[in-house]
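Asker: There's a structure below that I have some questions on.
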Amino acid sequence: MGQLVAIVGRPNVGKSTLFNRLTQSRTAIVDETAGTTRDRQYVKVDWNGKEFSIVDTGGGVVNSEDIFEGEINKQVALAIEQADEILFVVDAMNGVTDLDDHVAEILRKSQKPVLLVANKVDGNEWIYNVPEFYSLGLGDPWPVSAINGYGTGDLLDEVVNKLPEKDDEEDELDDIPKFAIVGRPNAGKSSLINAFIGEERNIVTNIAGTTRDSIYTRYNKFGFDFYLVDTAGIRKKTKVNEDIEYYSVIRSIRAIEASDVCILMIDATRGIEAQDSNIFSLIQRNKKGLVVCVNKWDLVEDKSQSAVKHFEEAIRNRLAPFSDFPIIFGSALTKQRIYKVLETAVEVYQNRRREVPTHQLNTVLQEDIAAYPPPANKGKYIKIKYITMLKGSKIPTFIFFCNLPQWVKEPYRRYLENKIRSHWDFHGTPINIFMREK
């Protein structure tokens, strides 16, 4: 499981600008208006060979200054609970505020590594304001300018240095599937978990779980043996009127990164919504197996085959281009088809670990390549000479050796992926295709 760095701070200190700078992206929307960040942004970063994830918390509420403090409390509390390291961003131009003091007091009491980031040091004159932040009691403030990049390289060096060492405990779990049940609030995740583990809690063993890690729950009933990556933190949050998406997505990050296969819950009474797509994109970015469970099917009036087909098409179109995943219609409340969900998740896990012999790959795929060769580019013809599958990879990975790998475009990669899926069962799992020069 990757390590998570959360950016927190009061509104309009430049959290999203810093996020864009550290991730070398323009993912987060930047504006001078306080509280602009609404959709939670999450990107993987590789710095000096160490991979971790950064999440931009944002979350200031625009309409009422009175709500700022309460919303920031929720941000910080969740960052402390879920993140491995916290970047506390302050504004070097405006100096220490009461909200900064309040957040610093919470962070001082936490056991998490905290880096105090003095942003907006956009010129030499602002560097003299930085020592003021020593009063927050969080160690040396790091002067940076998210706008022009000043100090951000040194900051990333320190982020990597302060990340806790990974726990070796996960290595012991590699041979047993790990399933995460994720989805937006009120989609029925807790009902499904209760249906799985229910009253027979003697079959449940909590293997691991600290405040920053997902909890692995061993399930070995009815011939199944897997770890459930507990997403209990998403289950029943008290009403958060302004920004409930943040609380589900940041916890989903943890669960998704810790799993092999994700069971994405969709509420049949509401259909597929924007937050379902957001969580699906997290699953895709992390290259995890996927089973979609359309829950609350017992509450739908039209259960005809045409209704099922229409619902399936809507889901696949919304989650395209990846559409080779199983969809199961059931009800956690009535336990309708819930064990089919488990059976399918196990099948997807097995597909994820499937290995195809090299001679089979070359015998079968070379015929498909000969029937539809890569398009010529600028008079140059691409010849794919050899195909192999990377052994021991957590994600099915295929290497195509050719003379001009740089000219193989995305449409032809999709053609190759579709041919692989048509010949071998990789239903529910993403696959990687790489072109290498022979």
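The values are calculated or read from the model by the stated rules, or taken from the named source; none is laboratory data. Since we're looking at a predicted model, the values are computed, not measured. Heads up, the Cβs are rebuilt from the backbone with ideal geometry, glycines too, and the neighbour counts pull from every protein chain shown. Quick note on the areas: whole protein, heavy atoms, side chains included, nothing else; ligands and nucleic acids left out. Shrake-Rupley method; radii C 1.70, N 1.55, O 1.52, S 1.80 Å.
Asker: Show me the three semi-axes of the equivalent ellipsoid for the stretch 278-360, from the C-alpha gyration tensor (sqrt of 5 times each eigenvalue), largest first, rounded to whole Å. Each step should come with its number before you reach the end.
Answerer: Working: eigenvalues 137, 51, 33 Å².
Each semi-axis is √(5λ); the values are 26, 16, 13 Å.
Asker: Amide H neighbours of Asp260 under 5 Å, counting only residues 5+ apart in sequence or on other chains, H built in-plane at 1.01 Å?
Answerer: Lys178, Phe179, Ala180
Asker: On a 1.4 Å probe surface of the protein chains, which of Arg413, Arg184 comes out largest in accessible area, and what is the full order? Intermediate values should be presented prior to the final figure.
Answerer: Details: Arg413 60, Arg184 5 Å².
My answer, sorted largest first, is Arg413, Arg184.
Asker: Follow-up question, since we're still on this one. Which order, highest average first, do 395-401, 86-92 follow once you tally other Cβ atoms within 10 Å for each residue and take the mean per peptide?
Answerer: 86-92, 395-401
Asker: Turning to a different aspect of this structure: Quick check on the stretch 251-301: what are the equivalent-ellipsoid semi-axes from the Cα gyration tensor, as sqrt(5λ), descending, whole Å?
Answerer: 22, 11, 8
Asker: Using the structure shown, list the pairs from Lys50/Lys109; Lys303/Lys409; Lys309/Lys385 with a Cα-Cα distance above 30 Å, or answer none.
Answerer: Violating the 30 Å limit, Cα to Cα: Lys303/Lys409; Lys309/Lys385.
Asker: So for the stretch 302-434, Kirkwood radius off the Cα pairs, Stokes-Einstein at 4 °C and 1.567 mPa s: how many µm² s⁻¹?
Answerer: Diffusion coefficient, whole number: 76 µm²/s.
Asker: Could you sort out which of Lys112/Lys288; Lys44/Lys419; Lys178/Lys288 sit more than 21 Å apart by Cα distance in this structure?
Answerer: Those over the limit are Lys112/Lys288; Lys44/Lys419.
Asker: Students often check this: by mean Cβ neighbours within 10 Å, which of 253-263, 278-288, 94-104 ranks highest, and how do the rest follow?
Answerer: Result, highest mean Cβ count within 10 Å first: 253-263, 278-288, 94-104.
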